[in-house]
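Asks: Pasting a structure below so you can have a look.
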Amino acid sequence: MNDTVVEQHSFGAEVGRLLDLVVHSLYSEREIFLRELVANAADAVDRRRFEALTDASLAPPPDAKIRVVPDKQGSTLLISDDGIGMTRQEMIDNLGTIARSGTRVFAQTLATTKPEDRPNLIGQFGVGFYSAFMVADRVEVTSRKAGGEQAFTWASEGAGQFTLTPATREQPGTDIVLHMKSDASEYLEPVRLETVIRKWADHITLPITVAQDGKDQPANEGTALWRKARSETTEQSYKEFYRHLGHFFDEPWATLHWRAEGTLEYFCLLFIPGMKPFDPVDNDRDAHVRLHVRRMFITDKAELLPHWLRFVSGVVDTEDLPLNVSREMLQTTPVLARIRKALIGRVMAELKTRTKESEDYNKFWENFGAILKEGVWEDAEHRPEIAPLLRFKSSTQDGWTSLPDYISRMQDGQDTIYYLSGEQADALKTSPQLEGFRAKGIEVLLMADSIDSFWPERLDTYEGKKLRSVTQAAEDLGKGEDQPDISPLLAAMKSALDSKVSDVRSTARLTDSAVVLASDGRGPDLAMQRLMRRAGRAMMPSKPVLEINPRHKLIEALSAKLDNTTLIAEASETLLDLAQVQEGDLPADAAAFARRVTTLLAGSLG
């Protein structure tokens, strides 16, 4: 009598649809199933090695490898590894639920992707395991977690359900058994399997073997790509390694490959992506360049690059650390500090060189410029190097421009670089904040990333020119100009708005608008205040300044109605609300604002 408990589960939402897409839409690219399963096995061994840094009992065997065992008679293919393994719950989570990108997006992308590019879609959407069903009508996964005693077998025919049963496995790791479809028998031929592995996985340093005539035969060179000379490496091999490394599907924008020799010896292969990943790198502020010691993966958390270069992926392999290096040692060793400095220097040199090809550099900037700006805020040492790499939209120029370009166009006697930050560059172009600057022909840089509310104050000056927000530069436009005297109206409006503004003053920087908000000059500018409010961050309350255009017809009309205190009070509240709307904010009391506008409109039409 069999007392084994068999648990039956349903796949997470939309997995059935996903399997149908993978099996049928990618059918002509079936061999990539082996790439995906081998890559997953290699990652599992790397994770086990990493965990062993703090718990030696978890270390994989010295001869750890990936075994691929075809069985023609039984029509099965086994992929076995000595990796970290999975618990029962991890098998449910990892094998029974949809990948994060979702079926709908996968299907949409599939429809617009050329057939020759489709093999990369599986890696792109994190659904590599499901590719097994392209060649198998049943998949069984037996896994035992390193450090645990229990093993379980996950099994499914890809039809909406899977089962879990207790199992036995002598050592930690994972076995995947594919029950091959009748038309996939070519993948039971050792020679065919070796060809696929050499094509897709030759860069994997972990040994991969294919069983043939009862013996495990090496199927990959296991030569670390980064240890080869650049002259011996093809662009295709770089591309495949890049895609394996970060589960990317595009082509690298830049590839940096070099060997350092002398007092410090290391090999380095870095990539700058050609597009943003689906999981924005902003969600994780750590850089994840992999550290290897003598080819062996140690960790991807050695902080080999700063936060502001976290879009860079790659490998550093050094001879100058012990294989059993601890996490504590990683934080204190001068070896890594010197490597880190060299890596930053190389990346910065590459970016500087690529700025000479403006159209090409602009593609990089649109993908990762917001991250690079973080370096101006947090890295004083590299701030001067980063500044000329920055790009901006402009109130007077099309496309992207730089700080050096801006300075080359500055007016005679101009000693300030003016900028305006907000949420959308297109909206900033029509902001009333620019009216006076536009009238005087003064260029303003337009900044629409959240970090733009922070970094300019840290840079402060560039080539001796002060950076200044136009919301704090009202007096720069009014120098030497005579303004109509509306002081009685200003006093009346300030009295009406006493609790809501720090001042009401006349300004020369408006040409079309009646009012505009400005900072009181004693704290953050308006964009910073708005950002902090929306982020729910506590800060010292700062009342804005309401600036009035004394030449506007509405203001002239109000000046003639000073004896109507009710009208002045209502108009003052409405003008303040209008100024807030112009800045992209809602009025403090939207209902009251609507009532006042309705009343004013009714009066004007009566």
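Asks: Determine the distance separating the Cα centre of the range 424-469 from the Cα centre of the range 331-385; give it in Å without decimals.
Replies: Using only Cα atoms, the two centres lie 23 Å from each other.
Asks: Any idea what the alpha-carbon Rg over 2.2 N^0.38 Å comes to for the range 310-418? It would help to have the intermediate numbers written out before the result.
Replies: On the way: Rg = 18.3 Å, N = 109, 2.2 N^0.38 = 13.1 Å.
That ratio works out to 1.40.
Asks: What length, rounded to one decimal in nm, is gained on full extension from Thr168 through to Leu605, with 0.36 nm per residue of separation minus their alpha-carbon distance?
Replies: Working: separation 437, 0.36 × 437 = 157.32 nm, distance 8.57 nm.
Fully extending the segment from Thr168 to Leu605 adds 148.7 nm.
Asks: Separation between the Gln236 and Lys465 pseudo-spin-labels, each 7 Å from Cα along Cα→Cβ, expressed in nm?
Replies: Going from the Gln236 label point to the Lys465 one covers 4.9 nm.
Asks: OK, next. What lysines sit close enough to Lys341 to cross-link, taking a C-alpha to C-alpha distance under 21 Å and skipping anything fewer than 8 places away on the same chain?
Replies: In chain and number order, the partners are Lys301, Lys352, Lys373.
Asks: Beyond 20 Å, what percent of the Cα pairs of the range 180-337 remain?
Replies: 57 percent
Asks: Determine the distance separating the Cα centre of the range 544-568 from the Cα centre of the range 138-211; give it in Å without decimals.
Replies: Answer, in whole Å: 78.
Asks: When Lys and Arg each count +1 and Asp and Glu each count -1, what net charge do the other residues less than 10 Å away from Lys466, Cβ to Cβ, add up to? Present the calculation step by step, with values, prior to reporting the outcome.
Replies: Numbers: positive: Lys465, Arg468; negative: Asp415, Asp460.
It works out to a net charge of 0.
Asks: Right, something else. If you stretched the chain out fully between Val335 and Asp498, how much longer would it get, using 0.36 nm times the residue separation minus the C-alpha to C-alpha distance? Intermediate results must be reported in sequence, preceding the final value.
Replies: On the way: separation 163, 0.36 × 163 = 58.68 nm, distance 6.07 nm.
Gain in length upon complete extension: 52.6 nm.
Asks: Still on this structure, please answer the following. Kindly write out, for the range 361-376 in residue order, the coupling ³J(HN,Hα) from the Karplus curve 6.51 cos²θ - 1.76 cosθ + 1.60 (θ = phi - 60°), rounded to whole Hz, with x marking Gly and Pro.
Replies: With the stated coefficients, the range 361-376 comes to 5, 4, 5, 4, 4, 5, 7, 10, x, 4, 6, 4, 4, 4, x, 5 Hz.
Asks: Assuming 0.36 nm per residue, please report the length gained on full extension of the stretch Ala588 to Ser57 beyond their Cα-Cα distance. Let's see the in-between values first.
Replies: Working: separation 531, 0.36 × 531 = 191.16 nm, distance 6.13 nm.
Value of the extension gain: 185.0 nm.
Asks: Next question, about the same structure. Determine, from the Cβ-Cβ distance of Trp258 and Asn564 and an R0 of 51 Å, the FRET efficiency 1/(1 + (r/R0)^6), rounded to the nearest 0.05. Please report the intermediate quantities before stating the final value.
Replies: Working: r = 76 Å, r/R0 = 1.50.
Given R0 = 51 Å and the Cβ-Cβ separation, E is 0.10.
Asks: Can you work out the Karplus-derived ³J(HN,Hα) for every residue in the range 245-256? Use 6.51 cos²θ - 1.76 cosθ + 1.60 with θ = phi - 60°, whole Hz, and x for glycine or proline.
Replies: Residue by residue, the range 245-256 yields 4, x, 6, 8, 10, 9, 10, x, 6, 9, 10, 10 Hz.
Rule-based calculations on the coordinates, nothing more; no lab input. What you see is a predicted model, and the numbers here were worked out from it, not measured in a lab. With ideal geometry, Cβ positions are generated from the backbone for all residues, glycine too; neighbour counts draw on all protein chains shown.
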